[in-house]
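Beneath this line is the structure, given in structure tokens, with notes to follow.
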Amino acid sequence: MNYRTKKGEKSTLKIYITLNKEEWAAAQDEAYNKTKGKYSLQGFRKGHVPKAILEKTYGKGVFYEDAINEAFPKYYYQILDKDKKILPVDRPDVEIDKLDDDGITMVAIVPVKPEVKLGDYKGINVEKVEYNVTDEQVQDELDKLQERNSRLVDVTDRAAENGDTTVIDYSGSVDGVKFAGGTAEKQNLVLGSGAFIPGFEEQIVGMNIGEEKDINVKFPEDYHAEDLKGKDAVFTVKLHEIKKKELPELNDDFIKDAVGLDSLEVYKIETREKLEKSAKAKAEAEIEDKLLKAISDASVVVIPDALVEREIDNIMQEIEYKLMYQGLKLADYIKYLGTTMEEFRKNYREQAETNAKYQLVIDKIIETEKITCTDEQLEEKIKELAEQSKKDVEEYKKTMNDRQRNYLRDSLIIKNLFTFLKENNNIG
């Protein structure tokens with residue numbers, strides 16, 4: 001087998017794979033041996049018809065397609081193992097350039113990792129980003145802690161107010177006719193939550209326990225049920241219970257029970273430290289994004305469609321995971337939006353192109369500057385993860401496989417890359 005390469009269009013490489021007469025004949029023999037079981041001719045047992053007879057009966061090229069399907073991947077992967085400079089990013093398309101008794105030349109049109117022409121990536125001026133933690137943010141965290149530890153208590157001495165949790169029966173009708181899904185008993189409804197049709201919750205405000213009244217509303221024009229869109233409706237509502245949220249008092253005893261710290265002041269200090277750490281990480285991430293965008297904008301690269309499609313696949317997967325946590329399926333979500341998967345994917349093409357270009361630029365700088373991570377850095381990261389898992393380092397190492405180690409190494413290389421960029425550019 002001989003091969004040669006030729007640069008194709010838009011980050012593709014053409015690999016011409018030529019098999020001589022003997023190699024091509026061997027490929028056809030292999031195809032015959034794998035497929036002969038499906039052939040039967042009069043005078044021969046099924047699967048025992050000689051190859052020459054089948055070629056005479058069905059034509060000389062009867063095994064060509066199967067022979068190509070056998071031979072191409074075999075020799076293609078041999079070439080990739082031999083030539084490490086060929087970096088495919090997707091499956092190749094296959095064409096036949098020449099085919100006769102003396103052999104065959106197959107052409108693999110391979111989408112490959114494109115060449116990146118880097119622009120300036122040192123000496124760039126980037127505006128510094130800073131986020132300062134305020135007392136209000138610390139208090140907001142305290143408020144959230146109170147909310148998480150709140151309880152509902154019964155209210156019997158007043159009418160319903162905005163923010164209360166009510167327990168109601170309701171029965172809805174349009175033009176005097178009840179509709180599906182419009183009736184329920186002993187349902188919880190937080191007034192002001194916007195969980196019901198606009199105008200519904202506001203009319204429960206002021207009702208007393210045991211009171212029953214009709215509430216008039218209008219379904220929105222974009223309501224999900226076609227037969228109710230824009231319709232006027234009447235709901236007969238009976239109020240059974242009123243509950244209000246009671247927050248715990250913010251003091252040392254509450255902090256001890258809620259989070260196990262000694263005092264409210266200690267909690268405030270630790271909360272501020274966490275917020276400052278988060279703010280610093282957010283600022284650093286924005287600075288890195290600014291650097292990467294500036295370098296990417298100054299760089300030239302032709303991104304193959306295969307890389308863009310792969311990146312769109314990654315984005316779709318992320319969206320699918322997020323929807324799963326909300327109890328939704330991507331297909332149902334797209335149907336709800338009134339679009340198709342093809343159109344939905346198009347919306348993310350620009351983002352995918354940007355993501356792909358960023359990754360190619362990152363890879364090129366790492367290659368150019370020979371950025372790596374040391375064994376010491378890797379060991380330190382493993383030690384950190386082991387401590388977080390409350391495991392001995394050696395014990396933790398036994399749980400790791402090569403893929404996990406490679407992932408850690410790659411993440412440390414990226415971290416070192418951005419350290420390099422920050423040290424070699426002007427941030428201020």
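Points worth noting:
- Subtracting the Cα-Cα distance of Lys231 and Asn406 from their residue separation scaled by 0.36 nm leaves 57.1 nm.
- Positive-pole candidate from Leu142, Ala298, Phe72, dipole of the chain, charges at beta carbon: Phe72
- Every Cα-Cα pair in region 228-313 was counted, and those over 22 Å apart are 70% of them.
- For region 364-428, the Cβ-based charge dipole about the Cα centre amounts to some 240 debye (Lys, Arg positive; Asp, Glu negative; other atoms uncharged).
- Dipole in debye (nearest 20) - the chain, about Cα centre, beta carbon charges: Lys, Arg +1; Asp, Glu -1: 2480
- In the full protein context, the chain carries 64 Å² of accessible surface per residue, based on a 1.4 Å probe and ignoring ligands, DNA and RNA.
- Calculated SAXS-style log₁₀ I(q)/I(0) at q = 0.08, 0.10, 0.13 Å⁻¹ - the chain, Debye, Cα scatterers: -0.87, -1.07, -1.28
- Estimated from the Cβ-Cβ distance and a Förster radius of 35 angstrom, the FRET efficiency linking Ile413 and Asn347 is about 0.65.
- In this structure the amide hydrogen of Thr183, modeled in the peptide plane, comes within under 5 Å of the amide hydrogens of Gly172, none closer than 5 places in sequence on its chain.
- Amide hydrogen neighbours beyond the local backbone of Tyr223, cut-off 5 Å, H modeled: Gly230
- Under 15 Å from the Asn125 label point (7 Å along Cα→beta-carbon), backbone N, region 396-428: 425-428
- Each helix, a run of at least 4 DSSP H residues, gives -39500 (n - 2.57); summed and divided by the residues of the chain, these come to -15000 deg cm²/dmol at 222 nm.
- 20 Å Cα-Cα reach of Lys398 towards lysines, excluding residues that sit fewer than 8 places from it in its own chain: Lys381, Lys383, Lys390
- Stokes-Einstein, applied to the Kirkwood radius of region 48-143 over Cα pairs at a viscosity of 1.002 mPa s and 20 °C, places its translational diffusion at 108 µm² s⁻¹.
- Normalised by 2.2 N^0.38 Å, where N is the number of residues, the alpha-carbon radius of gyration of region 177-240 equals 1.12.
- Residues whose amide H falls under 5 Å from that of Gly119, counting only those 5 or more places apart or on a different chain, are Ser299, Val300, with hydrogens built in the peptide plane.
- When only alpha carbons are used to place a centre, region 123-143 and region 298-357 end up 31 Å from one another.
- In region 204-265, lysine pairs with alpha-carbon atoms under 29 angstrom apart (chain gap of 8 or more, or interchain): 15
The values are calculated or read from the model by the stated rules, or taken from the named source; none is laboratory data. As the structure is a prediction and not an experimental result, all values here were calculated from the model. Cβ sites come from the backbone with ideal geometry, for glycine too, and all protein chains shown count toward neighbours. Remember, those area values only see protein heavy atoms, side chains included, never the ligands or the DNA or RNA. Shrake-Rupley method; radii C 1.70, N 1.55, O 1.52, S 1.80 Å.
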